[in-house]
Every structure is written in C-alpha cells, then in structure tokens.
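The values are calculated or read from the model by the stated rules, or taken from the named source; none is laboratory data. The shown structure was predicted, so the numbers you read here are calculated from the model rather than taken from an experiment. Cβ placement follows ideal geometry from the backbone for every residue including glycine, while neighbour counts extend to all protein chains displayed.
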Amino acid sequence: MLVGDSHTMPLFGKRCAASLKKASYPLAQWKFRAGEASKDLKTLGRLYDTLAKEGMERSSFLAALGGGVVGDMVGFAAATYMRGIAFVQVPTTLLAQVDSSVGGKTAVNLIAGKNLVGAFYQPKCVLCDVDVLKTLPTRQLRCGLSEVIKYGIILDADFFARLEKQVDSIMACDSKVMAQVVKRCCELKALVTGEDERESGRRAILNFGHTLAHSIEKEYGYGKLTHGEAVAVGQLIACRLSEVLLGFPRNETERVFELFRCVKLPTYVTAQDTAKMIDLLIKTTHHDKKAQGGEPLFVLADRIGECRFGCKVPESLLRTVLKEFVKQGKK
Ligand SMILES: NC(=O)c1ccc[n+]([C@@H]2O[C@H](COP(=O)([O-])OP(=O)(O)OC[C@H]3O[C@@H](n4cnc5c(N)ncnc54)[C@H](O)[C@@H]3O)[C@@H](O)[C@H]2O)c1
Ligand SMILES: [Zn+2]
C-alpha cells in the first residue's frame, strides 16, 4: 500500500503507483491530511483500519511517500501491523531525505509530547529522488539545510567546505549538486546510526544544536519557528559554548554564521523581555528528555568536522552565551 499526505499524493502518487503497478505489485493507496497534527494516534488508527480493510497481509509492504510525518507514522504502522511488515521510505522533503528516513526511528506524537510512542524499525530501502525537492516551499528546504550543515560541523570538514562553495546551486536545487549533498548526508547518518542504532552512545552526536533548539521550539511555540530554524540558532549557541569549553576556533564559528546567513536561516531569536526568555530557556533545557539527573548534556565540537557528546555546560556560561542569541525585539 502506498501512503502519502494531501500534498505528496496529488504531486507524486500517480507516478509512484504507475511504477509499482508496472512491477506487478497489486496496489492500494491511502492519504491523510498533511501536517504534524496528523502524526497522532487517531490518524494511525485510521491507517491500521485501512490496512486491514484493504487485506494487507504479513507479506505485504508499505511505501511511505512524503516528509518526516509520513515516514515516521507509516514506519511505525509497518513496525506494528501484524507484528511487523516490510516498508520502504520514499522521502520527499530535504529533511526526510537527509535525516528522518535513515536510521530507523519511527513514531507518532501524544498530546503529552512529540514522538512518545514509537519503535526502532528499519525500512527495506530508502529511495531519494532529488527532483521532487523542486516543488518544496523554500522554508521547508531551509529546514533541511540546517540538518545538512549539521553533518558538516559534526563529522566532515570537507563536506562543510563544499557546502560553502556550492551554496547557490543548493538554494537553486540543482539536481546534480543536491544528489551529492543528499548522498553524503545519508552516508554520514548511516555510519553513525549503524554503529549505535538505539542511541546508547555516539548516535547522540546527531543532536548537535538540538538541546537548545528543543527549548526554543517549546518556548516560541511549535509552528512559529520551524525545527530547522531553531536548530540553526541552537548550533550557533553550541559553537560558542564549544569555543569556551573545547577551544573551537572563533573563525570557524564565523564560517557557520556566514553559511546560515547565506541560506537565510536565523542566527538569533528575539524576545520583548530577554532576561525572562533566557530564564525560561535554561529551565526548559533542564527538563530536556535527554538531560541526566536534571543536568542537560550537550554535543560540542572541537573544530568543524569533529565533535563529542555528553558535555556538561556550567549554567553561568550558558546564561552568558544566551545573551548574545536572545535579542531585544518582538517575539
Ligand atoms: N525519524 C527520525 O529520525 C526523524 C528525524 C527528524 C525529524 N523527524 C520528524 O519528521 C517530521 C518533520 O518532517 P518534515 O519536515 O519532512 O515535515 P512534513 O512531513 O510535515 O513535510 C512538510 C510539508 O511539506 C509537504 N511536502 C512534502 N514533500 C513535498 C514536496 N516534494 N513538494 C511540496 N511539498 C511537500 C508536506 O505535505 C508538508 O506539508 C517531524 O514529525 C519530526 O519529528 C523524524
Ligand atoms: Zn533535527
């Protein structure tokens, strides 16, 4: 069964269905309303019912056509329907191509929080066609680029330098350049998650910039800032903390700033009462689900291309650094 959302099915459903039919797969199709709000138990329940109604068996497989929302939910349905059936990912956002489709995390949201019900479940394959990115709204493209740049900072200095050189082609979604970019990100994510599928250790480096980003998303309200925008600011904060704690070169932080500016990702957030916002962000960070005994642990970088996880950051330093990144202005 081919499953997409109300944007991806009209755009690419016919083409996918035709090629699956050509390969002699009997085909059912289903779509749900696009958006994060659909990644819930109610929509998942409707998906299970449709699978049963369409007569899906243990030998059937699901194809997830869409962004991270489709991939995460269809992946979880595949992990659990009849105790697990095969699925393939056909990611159609840059974020899904470079991040959510690889590594085997699947989940749906609860009212209590995001991704609280899920499973580690690997797709049989991930099929990325970079041409589908041409219809993606620019803001969505940028959201994916924030994660792309992250791979450069944490794992691959050469890749980071290539991004700096090719930024115009990337923003224009040049197919050849994008294919290389997506390929390298998938290689890097597969390398990390292959060594530590269940995040007992090094997989945590993928959370670079995410500790603060999660707090920013929460305090600014999901939907106001995209995940990628919050992650951009979070990564800059992590760079500054790294300067003080690990000697991360200052000129490299400048390069990260410049790259984010080039792709028009934010480099700070604003608040009417900056002191209050800083307090809130620090408080939320202590409640992060990856905090240990109330103390948040950070991923920090030694230089572009090298990083480490599980770093403790003194609250006074975090407060000082946040002063640079929470500026006076309308929230
Ligand atoms: N599993 C993981 O490891 C992992 C990692 C990161 C994020 N996630 C999850 O991914 C989700 C976010 O993913 P996302 O940013 O892809 O969001 P999304 O799936 O909501 O897609 C964003 C929007 O773009 C539309 N869209 C998708 N492809 C398109 C195309 N080619 N052209 C035009 N429009 C298109 C979608 O319909 C949607 O409206 C979150 O739920 C997050 O929790 C999971
Ligand atoms: Zn992320």
### Residue among 189, 114, 124, 150 that alone is within 16 Å of ligand 2 (Cβ to nearest atom), assigned by TED's automatic domain parsing to the domain that holds residue 89 and among the basic types (Lys, Arg)
114
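What is the residue count in the range 216-238 for residues that are of a type in the set (S, T, N, Q) and at pLDDT below 95?
Going through the range 216-238, the residues of a type in the set (S, T, N, Q) turn out to be 226, 235.
Of the ones still in play, those that are also at pLDDT below 95 are 226.
Of the residues in that region, 1 qualify.
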### Task
Any chance you could count how many residues in the range 205-237 are surrounded by 24 or more Cβ atoms within 10 Å (Cβ to Cβ) and on the phi > 0 side of the Ramachandran plot?
1
### Query
If you scan the range 264-287, which residues turn out to be over 17 Å from residue 322 (Cβ atoms) and either surrounded by 20 or more Cβ atoms within 10 Å (Cβ to Cβ) or not assigned by TED's automatic domain parsing to the domain that holds residue 170 (or both)?
265
### Message
Condition (residue is of a type in the set (A, V, I, L, M, F, W, C), within 15 Å of ligand 1 (Cβ to nearest atom) and surrounded by 14 or more Cβ atoms within 10 Å (Cβ to Cβ)) applied to the range 159-172: is it met by at least one residue?
### Response
no
### Query
Name the residues in the range 57-89 that are away from ligand 1 (no atom under 16 Å from the Cβ), in contact with a Leu (Cβ under 8 Å, 6 or more places away or on another chain) and among the hydrophobic types (A, V, I, L, M, F, W, C), would you?
85, 86
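Among the residues of the range 24-36, is there at least one that is in a helix (DSSP H, G or I), within 16 Å of ligand 2 (Cβ to nearest atom), farther than 14 Å from residue 132 by Cβ and of a type outside the set (S, T, N, Q)?
Narrowing the range 24-36 to residues in a helix (DSSP H, G or I): 36.
Still in the running and within 16 Å of ligand 2 (Cβ to nearest atom): 36.
Still in the list and also farther than 14 Å from residue 132 by Cβ: 36.
Next, from what is left, pick out any that are of a type outside the set (S, T, N, Q): 36.
Scanning the range 24-36 turns up at least one residue that is in a helix (DSSP H, G or I), within 16 Å of ligand 2 (Cβ to nearest atom), farther than 14 Å from residue 132 by Cβ and of a type outside the set (S, T, N, Q).
Listed residues 32, 61; which is within 17 Å of residue 106 (Cα to Cα), among the aromatic types (Phe, Trp, Tyr) and in the same structural domain as residue 124 (by TED's automatic domain parsing)? Spell out the reasoning first.
Numbers: 32 fails: within 17 Å of residue 106 (Cα to Cα).
That would be 61, the only listed residue that is within 17 Å of residue 106 (Cα to Cα), among the aromatic types (Phe, Trp, Tyr) and in the same structural domain as residue 124 (by TED's automatic domain parsing).
Hey, among 281, 245, 297, 259, which residue is over 23 Å from the mean Cα position of the chain (by Cα) and either within 16 Å of ligand 1 (Cβ to nearest atom) or not polar (S, T, N, Q) (or both)?
Numbers: 281 fails: over 23 Å from the mean Cα position of the chain (by Cα); 297 fails: over 23 Å from the mean Cα position of the chain (by Cα); 259 fails: over 23 Å from the mean Cα position of the chain (by Cα).
Answer to the selection: 245.
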### Query
For the range 212-234, how many residues meet the condition of being away from ligand 1 (no atom under 15 Å from the Cβ) and either among the polar types (S, T, N, Q) or part of a strand (DSSP E or B) (or both)?
1
### Task
Please enumerate the residues belonging to the range 93-111 that are within 12 Å of ligand 2 (Cβ to nearest atom), in contact with a Ser or Thr (Cβ under 9 Å, 6 or more places away or on another chain) and not charged (D, E, K, R).
95, 100, 103
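Can you tell me how many residues within the range 186-205 are out of contact with any Leu (no Cβ under 9 Å at 6 or more places or on another chain) and within 13 Å of ligand 1 (Cβ to nearest atom)? Please lay out each step first, then the result.
Residues of the range 186-205 that are out of contact with any Leu (no Cβ under 9 Å at 6 or more places or on another chain), as a first pass: 186-187, 190, 194-198, 200-203.
In the following step, the residues that additionally are within 13 Å of ligand 1 (Cβ to nearest atom) were identified as 186, 190, 197-198, 203.
The qualifying residues number 5.
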### Query
residue 210: modelled with pLDDT under 95 and within 16 Å of the chain's Cα centre (by Cα), yes or no?
no
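Which of the residues spanning the range 64-79 are within 15 Å of the chain's Cα centre (by Cα) and assigned to a helix (DSSP H, G or I)?
The initial filter retains those residues of the range 64-79 that are within 15 Å of the chain's Cα centre (by Cα), namely 66-73.
Of everything in the range 64-79, those that are within 15 Å of the chain's Cα centre (by Cα) and assigned to a helix (DSSP H, G or I) turn out to be 68, 69, 70, 71, 72, 73.
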### Task
Could you tell me whether any residue of the range 180-200 is buried (at least 19 other Cβ atoms within 10 Å of the Cβ), free of Cβ contacts under 8 Å to residues at least 40 places away in the same chain and over 29 Å from residue 129 (Cβ atoms)?
no
